[in-house]
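The block underneath contains the structure these notes are about, expressed in structure tokens.
Every number here is computed from the coordinates shown, using simple stated rules; none is lab data. In this text, all values refer to a predicted model and were calculated from it rather than measured experimentally. Reconstructed Cβ throughout: ideal geometry from the backbone, glycine too, with neighbour counts over all protein chains shown.
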């Protein structure tokens, strides 16, 4: 993942370099973007089954030229330093392309939280908060939930941090429960942002909503909300899948009914495989599950006209090149799934002001930001004659390079 993230920056910086007369300073800026500003790593201790156990912990802060560091914290046994570094780098790009004033960061602990009791999970959360406390703050680094962390974990971390600094600072963590300053609209934010992208793409390309078909691979939070909100907007969602398989109905699937089955622990009425879902003859394919879902091995079978990436890194570089050559647009993850971090930004803004927005305002502000981001990318794509992914990376890198140059960092 790290190699792919760094290659992405190097590849698209060559297109961006044409716009800068001072090539030497530009190269210094790109070289700086390839390396995180700070790598924080160490061991944290937690009592597990009455015995002290240590866990490897990380917080990597990538680049704060555009604003405070921002990024999630994940608890997972497969967390590595390279993974956290890659995700921090990609978060910088995502914030820049969305136009929100943050730099990227990411945190993680190498642990299987399913093997911890609630008290042990609380101890892990507080220990990690103490570990990163000297490096975070409302104007320094604003963590959020990620894999296997949630609003409760953020609440424990916030309490620990506030005790450490001796004052209330709700804006230091986002993804909090509403009772502690969380934002309305956060639960569905990533899916909602993706549907706004879907809608503005369709309008920009003159595609009629009611004659469009959508297939969503992945039925977690993001996949569910994308499918539900796309259907409410008038798109015909004909397929959806979870890890076991998919449901396909050319007349349209009942998204809410399928979610009720899932919540009740029942099997979906599977009639296609995940691989078959990827090859359906549809307008929009939405990979919203795992990275590397679309590869050189299956890309030749894809019959969708457009791909909206809601998962992180669902398309390999080889597959991406093939799709571009075939004229299939891929709206990249750093734009399509940026709704989550954008509403986290709104939560931070609300915490700083002490004034809280209605859900309607949250969604309106999200639509405005993500629509502008798409149109900015579309303009670059047309001007430079490159892919949507190329345009998104061009724009995000330009915004970061310009901020570093203005600050005199290079």
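Tabulated values for the structure
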{"read-out": "Counting DSSP beta bridges with both ends in segment 182-295, the antiparallel % (nearest 5)", "value": "35"}
{"read-out": "Spacing of the two label points (7 Å from each Cα toward its C-beta) at residue 34 and residue 10, in nm", "value": "0.6"}
{"read-out": "Centroid-to-centroid separation of segment 9-38 and segment 116-132 [C-alpha atoms, Å]", "value": "39"}
{"read-out": "Most mobile of 98, 202, 189 in a GNM of the chain (Cα contacts under 10 Å)", "value": "202"}
{"read-out": "Beta bridges per DSSP with both ends in the chain, % antiparallel, nearest 5", "value": "45"}
{"read-out": "Highest-MSF residue in the chain out of 336, 29, 227 [GNM, Cα springs under 10 Å]", "value": "29"}
{"read-out": "Two-site label geometry, residue 80 and residue 130: point separation in nm, points 7 Å out along Cα→Cβ", "value": "3.0"}
{"read-out": "Choice from 161, 322, 20 showing the highest fluctuation, given a GNM over the chain with Cα pairs closer than 10 Å", "value": "20"}
{"read-out": "Cα gyration tensor shape for segment 60-182, rounded if a/c is under 1.5, else prolate or oblate", "value": "oblate"}
{"read-out": "Length-normalised contact order of segment 271-351 in % [C-alpha pairs under 8 Å, at least 6 apart]", "value": "27"}
{"read-out": "Whole-number percent relative contact order across segment 37-180, with pairs defined as alpha carbons under 8 Å at least 6 apart", "value": "25"}
{"read-out": "Virtual spin-label span in nm between residue 402 and residue 266, 7 Å along Cα→Cβ", "value": "5.4"}
{"read-out": "Relative contact order (percent, whole number), the chain, Cα cutoff 8 Å, 6+ residue spacing", "value": "16"}
{"read-out": "Size of segment 257-404 as Cα extents on the principal axes (Å, biggest first)", "value": "50, 48, 23"}
{"read-out": "Gyration tensor verdict on the chain (Cα atoms; rounded if a/c is under 1.5, prolate if a/b is larger than b/c, oblate otherwise)", "value": "oblate"}
{"read-out": "Ratio Rg/Rh [Cα only; Rh per Kirkwood] for segment 189-336", "value": "0.93"}
{"read-out": "Estimated FRET transfer efficiency (residue 150, residue 295; beta-carbon r; R0 22 Å; 0.05)", "value": "0.10"}
{"read-out": "222 nm mean residue ellipticity, helices alone, for the chain (DSSP H n ≥ 4; -39,500 (n - 2.57); rounded to 500)", "value": "-15000 deg cm²/dmol"}
{"read-out": "Cα gyration tensor category, rounded, prolate or oblate, for segment 327-410 with a/c compared to 1.5", "value": "oblate"}
{"read-out": "Rounded to 5, the percent of DSSP beta bridges in segment 37-180 classed as antiparallel", "value": "60"}
